[in-house]
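Colleague: This is the structure I have questions about; it appears just below.
The values are calculated or read from the model by the stated rules, or taken from the named source; none is laboratory data. Being a predicted model, the structure only gives us computed values, none of them experimental. Heads up, the Cβs are rebuilt from the backbone with ideal geometry, glycines too, and the neighbour counts pull from every protein chain shown. Each accessible area value is taken on the protein alone, full model and side chains, heavy atoms only, with ligands, DNA and RNA left out. Shrake-Rupley method; radii C 1.70, N 1.55, O 1.52, S 1.80 Å.
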Amino acid sequence: MDGLLYSALRSARLERMRKLLRFLGSPEESFKAVHVAGSKGKGSTARFISAAMTAAGLKTGLYLSPHLVDYRERFTLDGAFFPDSLLIRTADELALRLEHFTFSGEAYDRPSTFELYTAYAYLLFRNAGCTHAVIETGLGGRLDATNTIESICEVITPIELEHTAVLGDTIEKIAVEKSKIIKKNSLCFTSVLYPQAMQVMQEEADRMSAQLIRLDRELVRLETETRAEGEVCTIAFRDGYEAQLCLKMRGEVQALNAALALLCTRRMGFYREKLSERAVENAVLPGRFELTSWHGIPVVLDVCHTPVSTAHTAASFAALYPDRKRTCIFAAIEGKDIEHMLKKILPCFSTLIVSRPSSAKKSNSDAVYRLALELNANDCRIVHIPDSRAALEEAERTACPVLIAGSFYLTSLFKELIDAELK
């Protein structure tokens, strides 16, 4: 969506989406929803929550965005795609009902792509008979199309500087946008947040007469180690509950996301201890420290695209391959904090290949390459190879484990390339 259209749709606030849903018979009222917002980890946390709820016997849909390769990744049930017959029937229903629908009197009178995806998800969950759903925000929270649900609880994952042109240029401003998913008299579960973000959350919770349940106050121990078999972690809460898990979604940050999911599902009564623990362990999402290979070389795909998430990913990758040289294929789109991302990556790798994400977003790989050369203080070999296949071939020649990171769009591009090779 271009910037002009997005600005116009945001200025219209949520009434557009409410009007669309009313026209469709309010499908969002057919299930009980858990609403998840944040800057990082919200997709993984939502997946952990939905897995635990499903294991507890609740038919739980999961709505995520964006997708990495296949649009069906946005709408899943117990980690699997819905049957094609149901996907097609629901799409036909939506198309038929909206054939003559317009937002009359508005400059942009047709639903946006994200509005359609969201309406489709709600219809799909209703048609599938879902009693519950976990809904991830697309961008922000206050004016996000998903903020049309009356959630039974809310979950806030870590907040960082991101989408500053839209959400604000400080942690506080971004936190305000995220905090607006908190509903009246609800429970809101927060991850470990910066103090200024936590203050915003507390103020909004007080305003909405909601109860804020903070992970940093409930968690007494969190130990984690990235291993070949998974992310091996111990999570202990102050009420005496302790879980020892081996998460299929590797990466040290996933232990924190799993802890937040356990806190939410246990307090909400959506938890059956051993069943839910096993479900959380087995939960996966594409591109979240996803381990694959290229011609026999280990490859990890990760969608990290902020300095904090990049630091976690680089540390986990180094822990997984501690005694070997390591290669990173890196790219980032314009507007990201590329300098600080590179500062987290360069010390951990012997070779850095600066490439280019897909053409879907603006990027300047030449500028990223020059910046990497300026920041290189660790004798890292740095090369510039924009073409994805050529970058993979160069990584193969290093004979080192390879991390592909820095952009959702880069990860999507390389995942398609690698998956096609493996078929």
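Colleague: Would you indicate which of [x] 151; [y] 164; [z] 141 is the value of volume of the Cα convex hull per residue in Å³ derived from the coordinates of this structure?
Modeller: Only one option fits the structure, namely [z].
Colleague: Probe radius 1.4 Å, ligands and nucleic acids ignored: give me the carbon and sulfur share of the accessible area of the stretch 279-423 as a rounded percent.
Modeller: For the stretch 279-423, the apolar C and S fraction of the accessible surface comes to 49 percent.
Colleague: May I ask you to derive the FRET efficiency for residue 19 and residue 323 from their Cβ-Cβ distance with R0 = 41 Å, giving the value to the nearest 0.05?
Modeller: Values: r = 59 Å, r/R0 = 1.45.
Efficiency for this residue pair is about 0.10.
Colleague: Separate question: Greater than 24 Å separation of Cα atoms is the criterion. Which listed pairs, 40/183; 42/336; 42/248; 180/344, meet it?
Modeller: 180/344, as the Cα separations exceed 24 Å there.
Colleague: Shifting gears a bit: Give me the aspartates and glutamates in straight-line cross-link reach of residue 274: C-alpha distance below 20 Å, same-chain residues under 8 apart excluded.
Modeller: In chain and number order, the partners are 78, 223, 229, 231, 239, 242.
Colleague: Charges on Cβ only, +1 for Lys and Arg, -1 for Asp and Glu, centred on the Cα centroid of the chain; of 373, 340, 34, which one is farthest towards the dipole's positive end?
Modeller: Of the candidates, 34 comes out farthest on the positive side.
Colleague: With +1 on each Lys and Arg Cβ and -1 on each Asp and Glu Cβ, how big is the dipole of the chain about its Cα centre, in debye rounded to the nearest 20?
Modeller: Here the size comes out at about 580 debye.
Colleague: Picking from 100, 246, 420, whose Cα lies most toward the positive end of the charge dipole for the chain (charges on Cβ: Lys, Arg +1; Asp, Glu -1)?
Modeller: 100
Colleague: Can I ask one more? Name the GluC sites (Glu not before Pro) in the stretch 259-293 that are in a loop by DSSP and that have at most 12 other C-beta atoms within 10 Å, would you? If you can, show how the numbers build up before the last one.
Modeller: Details: sites: 273, 277, 281, 290; in loops: none.
The qualifying sites: there are none.
Colleague: Given the Cα-Cα distance of residue 172 and residue 217 and 0.36 nm per residue of separation, how much length would full extension add, in nm?
Modeller: Taking residue 172 through residue 217 to full extension adds about 14.1 nm, to one decimal.
Colleague: Now a separate question. Out of residues 5 or more away from residue 293 or on other chains, whose amide H comes under 5 Å of its own, with H placed 1.01 Å from N in the peptide plane?
Modeller: HN-HN under 5 Å from residue 293: 299.
Colleague: Would you calculate the separation in nanometres between label points at residue 152 and residue 282, each defined as 7 Å from the Cα along the Cα-to-beta-carbon direction?
Modeller: Once both label points are built, they end up 2.3 nm from each other.
Colleague: Right, here's the next one. Starting from the amide H of residue 78, placed 1.01 Å from N in the peptide plane, find each other amide H under 5 Å away whose residue is 5 or more places distant or on another chain.
Modeller: So residue 78 has HN proximity to 60.
Colleague: Tell me, what is the per residue accessible area of the chain in Å², probe radius 1.4 Å? Before the final figure, lay out the partial values.
Modeller: Values: 17580 Å² over 423 residues.
Per-residue value: 42 Å².
Colleague: Could you look at the stretch 113-213 and say what percent of its accessible area is carbon and sulfur, using a 1.4 Å probe and all protein chains? Before the final figure, lay out each step's value.
Modeller: On the way: 1800 of 3470 Å².
Accessible surface attributable to carbon and sulfur in the stretch 113-213 totals 52 percent.
Colleague: Considering only DSSP beta bridges whose two residues both sit in the chain, what percent are antiparallel, to the nearest 5?
Modeller: Looking only at bridges with both residues in the chain, the antiparallel portion is about 40 percent.
Colleague: What distance in nm separates the simple spin-label points at residue 86 and residue 192, each placed 7 Å from Cα in the Cβ direction?
Modeller: 3.8 nm
Colleague: Related question: Once both labels are modelled 7 Å past Cα along the beta-carbon direction, what's the residue 383-residue 343 spacing in nm?
Modeller: Roughly 2.8 nm, to one decimal.
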